[in-house]
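Single-structure report; data block below.
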Amino acid sequence: MDKVMNAELLITKEGNFNFNNNSIIVDPKTITPEECEKLLSDWKRGKSQGLNNGYIWQDYTICFENENGILSFCFYEKKLECVSINVSLKDIKLIDGWPTEESSRKEISFIKKAFKKQFNGQLQYGKPFHIFDKKGFSASCGISYNEYIQKPFFTVELKKKVDSKTHFINITANGRSFYTSQGILNHHNLLISDLTGENITYDTHESARNKADEIISEYTLKGFDILN
């Protein structure tokens, strides 16, 4: 296949990404980072960015409705969580190297119209979005698959606090809940042991559940009442 400057992108109503008149088709339901990089290697922009927390970002140069831009794939645990689309409109205005709010909103309007044209604004798989991100002060457009991605989930929730102690703590790890009758919290309301806190992130459901079991076991040995 001859290499072109940017891949022409068409998004179908089924949610597939078709490049260069169907010469390459990416199915968001099944695509992996490795497959994506192999299929779209001619248009890869920079290296894949692994964040050591299960996330991988990949950027590709595209042509979207006759405008050049960047298509960014965000994978979580090798499953596609979202794609972001940015285009470089010809009349863009910058302040200190960043698009003005007016320019960002023009980009949002352009992508919204492109979505309407290509798949009537609705997909069988994926949820389109096109908003102005006030926090990042920029256009935020793309397709989210977050509702299809099951993430490791671990929380410790304070229910009732008395001074530095609580009489009810709710620990949830991927749907499995435990309750303690008392406990000690740090200033982030995370259950801690012997006043030594830790910032917890998990890459798998199993590791999150194991951490919950570890905390429950530790506090059971200390004489706390555990309700399962």
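Just a yes or no: is a residue in region 114-122 surrounded by 13 or more Cβ atoms within 10 Å (Cβ to Cβ), assigned to a strand (DSSP E or B) and of a type outside the set (Asp, Glu)? No: region 114-122 contains no residue that is surrounded by 13 or more Cβ atoms within 10 Å (Cβ to Cβ), assigned to a strand (DSSP E or B) and of a type outside the set (Asp, Glu).
One residue stands out in region 64-96 among those that are open to solvent by less than 60 Å² (accessible area, probe 1.4 Å) and among the small types (Gly, Ala, Ser): the one that is nearest to Ser138 (Cα to Cα), namely Ser84.
For region 26-43, the criterion of being in contact (Cβ under 8 Å) with a residue 40 or more places away in the chain, in a loop (DSSP other than H, G, I, E, B) and either open to solvent by 70 Å² or more (accessible area, probe 1.4 Å) or in contact with a Pro (Cβ under 7 Å, 6 or more places away or on another chain) (or both) is met by at least one residue.
Being touching a Lys or Arg at 6+ places or on another chain (Cβ under 7 Å) and open to solvent by less than 80 Å² (accessible area, probe 1.4 Å) is a condition met by no residue of region 49-57. Applying the condition of being touching a Gly at 6+ places or on another chain (Cβ under 9 Å) and in contact (Cβ under 8 Å) with a residue 40 or more places away in the chain to region 123-141 and asking which residue is most open to solvent (accessible area, probe 1.4 Å) yields Gln124.
The values are calculated or read from the model by the stated rules, or taken from the named source; none is laboratory data. Since the model is a prediction, treat every value here as computed from it, not as a measurement. Please note: Cβ atoms are built from the backbone with ideal geometry, for glycine as well, and neighbour counts cover all protein chains shown. Side chains are part of the model used for accessible areas, which takes the heavy atoms of the whole protein and leaves out ligands, DNA and RNA. Shrake-Rupley method; radii C 1.70, N 1.55, O 1.52, S 1.80 Å.
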